[in-house]
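The values are calculated or read from the model by the stated rules, or taken from the named source; none is laboratory data. Remember, it's a predicted structure, so these values are computed and weren't measured experimentally. Here the Cβ is made from the backbone with ideal geometry for all residues, glycine too, and neighbour counts use every protein chain on show.
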Amino acid sequence: MPGENEDNRDELYEFIRDTIESAIKSGKMPSKVGFSITITGGSLPVNIENSRDGCSRDCENNIEGDSPAKALSETERGFHTEIHKNGDEIIVYAEIPGADNSNTAVSLDGENMIITSLPEETKYQEIVKIPPLKKETLKFRSRNGVLELSARLQ
């Protein structure tokens, strides 16, 4: 029927907007930090994850309130990451404006990959949950603002 898809789209947009507003109000999704929205198989509910949840290293001494994301300063930003498994290798793509090999550091801490970049006045930092990796196999390169990191699984 004509207009049916448009009605469904409007309902979906309204649902997503209401879900995001509710998550922001409850502290589950900060407005200044990256987040991930996952809709699987076209089914609801929507799962919203704060990309800084569970950060242990930099957040624990700076938290105001009960949200790890509140530890970020006005000059510190999160960024979008994608994780892919290719056989026994994990590949992480991180979109970091202005990042290159000279201003970016990567470290592995158990099941956390900590990516920090200081391209100009802004500090970009993200803690990515990953399976245990062999540190000696970690490689990374930057191309067009996208950092590509790879390492072999333990």
* To do: Only residues in segment 105-118 that are in contact (Cβ under 8 Å) with a residue 12 or more places away in the chain count as the first member; pair them with residues that are acidic (Asp, Glu), Cβ under 6 angstrom, at least 6 apart or cross-chain, and list the lot.
  => ILE115/GLU126
* Mind listing just one residue for me: the one in segment 93-128 that is outside any strand (DSSP E or B) and β-branched (Val, Ile, Thr) and, of those, farthest from the chain's Cα centre (by Cα)? => THR122
* Asked: Could you give every pair whose Cβ atoms fall below 6 Å, whose first residue belongs to segment 127-154 and is on the phi < 0 side of the Ramachandran plot, and whose second residue is surrounded by 14 or more Cβ atoms within 10 Å (Cβ to Cβ) and not in a strand (DSSP E or B), counting only separations of at least 6 or pairs across chains?
  -> ILE127/CYS55; SER142/ALA99; SER142/ASP100; LEU147/ILE96; LEU147/ALA99; ALA151/THR137; ALA151/LEU138; ARG152/THR137
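Quick grid of which residues meet (1) at pLDDT below 85; (2) of a type in the set (A, V, I, L, M, F, W, C):
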position	(1), (2)
ALA105	no, yes
ASP109	no, no
GLU121	yes, no
TYR124	no, no
VAL128	no, yes
PRO132	no, no
GLU136	no, no
LYS139	no, no
SER142	no, no
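Do you know which of the residues in segment 132-144 that are part of a loop (DSSP other than H, G, I, E, B) and touching a strand residue (DSSP E or B) at 6+ places or on another chain (Cβ under 6 Å) is surrounded by the fewest Cβ atoms within 10 Å (Cβ to Cβ)?
We begin by selecting, within segment 132-144, every residue part of a loop (DSSP other than H, G, I, E, B); these are 132, 134, 138, 144.
Remaining after also requiring touching a strand residue (DSSP E or B) at 6+ places or on another chain (Cβ under 6 Å): 134, 138.
Working: LYS134: 13, LEU138: 16.
Here the residue is LYS134.
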